[in-house]
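K.L.:
Pasting a structure here, questions to come.
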Amino acid sequence: AAVLAEWTGDRTQGTAIREFTVTSKDGKEKSVEFRASFLADDRALVTLTDISERAMAEKQLRASRRTLLTVLNAIPAHVFVSDMKTYKILFINEAMQNEFGKDVTGEFCWKVFRNESGPCAHCTNKYLTDRQGNPTGMISWEGKNPVAGKWYLNCDQALEWIDSRLA
């Protein structure tokens, strides 16, 4: 009843979901999900589910992500990931954000880093995979970046991104 009192939405339809930490009889803390599906006749179907394993997995995933970002942002090199088909930037580390003045995630790499109006003529994407679309290895090349005005040693490599697309 206390949980339903917290629900401020329309109780005649929809679903209220809340997550809580509770202490079991044996003194262990558990994460639970309270779900109330409100029915039209002022009744509710209520379920309480132990989500402790999911909550722990999510906590570990967040910690793993923080660790990865800490490492990538501590590298004194510019690191970015872009979608090989759309050329949109999926990730950029802090060193590169500082060099180019902002987080450019979601923008086109050719526009941000080269000030081009389309994919760069020297883009290595076509060499980073074989005919079956499998990554082939790293390609290194030197070039002066027209936006930063500096010379860089670039190391390009295809990888499978977290959503299975090539980046």
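K.L.:
Of everything in segment 105-163, what is in a helix (DSSP H, G or I) and either under 21 Å from N93 (Cα atoms) or polar (S, T, N, Q) (or both)? Give them in sequence order. Walk me through it before giving the result.
P.N.:
Within segment 105-163, the first condition is being in a helix (DSSP H, G or I), and the residues that meet it are 109-114, 125-127.
Of everything in segment 105-163, those that are in a helix (DSSP H, G or I) and either under 21 Å from N93 (Cα atoms) or polar (S, T, N, Q) (or both) turn out to be C109, W110, K111, V112, F113, R114, N125.
K.L.:
Separate question: So Q97 passes all but one of these: (1) among the polar types (S, T, N, Q); (2) surrounded by 14 or more Cβ atoms within 10 Å (Cβ to Cβ); (3) part of a loop (DSSP other than H, G, I, E, B). Which condition number does it fail?
P.N.:
It fails just one condition, (3).
K.L.:
Right, another one. So which of R54, R114 ends up being modelled with pLDDT under 95, open to solvent by 40 Å² or more (accessible area, probe 1.4 Å) and touching a Cys at 6+ places or on another chain (Cβ under 6 Å)?
P.N.:
On the way: R54 fails: touching a Cys at 6+ places or on another chain (Cβ under 6 Å).
On inspection, the qualifying residue turns out to be R114.
K.L.:
State yes or no: is N98 in contact with a Pro (Cβ under 9 Å, 6 or more places away or on another chain) and farther than 30 Å from N134 by Cβ?
P.N.:
Considered against the rule, which asks whether it is in contact with a Pro (Cβ under 9 Å, 6 or more places away or on another chain) and farther than 30 Å from N134 by Cβ, N98 comes out as no.
The values are calculated or read from the model by the stated rules, or taken from the named source; none is laboratory data. Computed from a prediction, not measured in an experiment: that's the story for all the values here. Don't worry about glycine lacking a Cβ; one is built from the backbone with ideal geometry, like all the others, and counts go over all protein chains shown. Heads up: the accessible areas ignore ligands, DNA and RNA and are worked out on the full protein's heavy atoms, side chains in. Shrake-Rupley method; radii C 1.70, N 1.55, O 1.52, S 1.80 Å.
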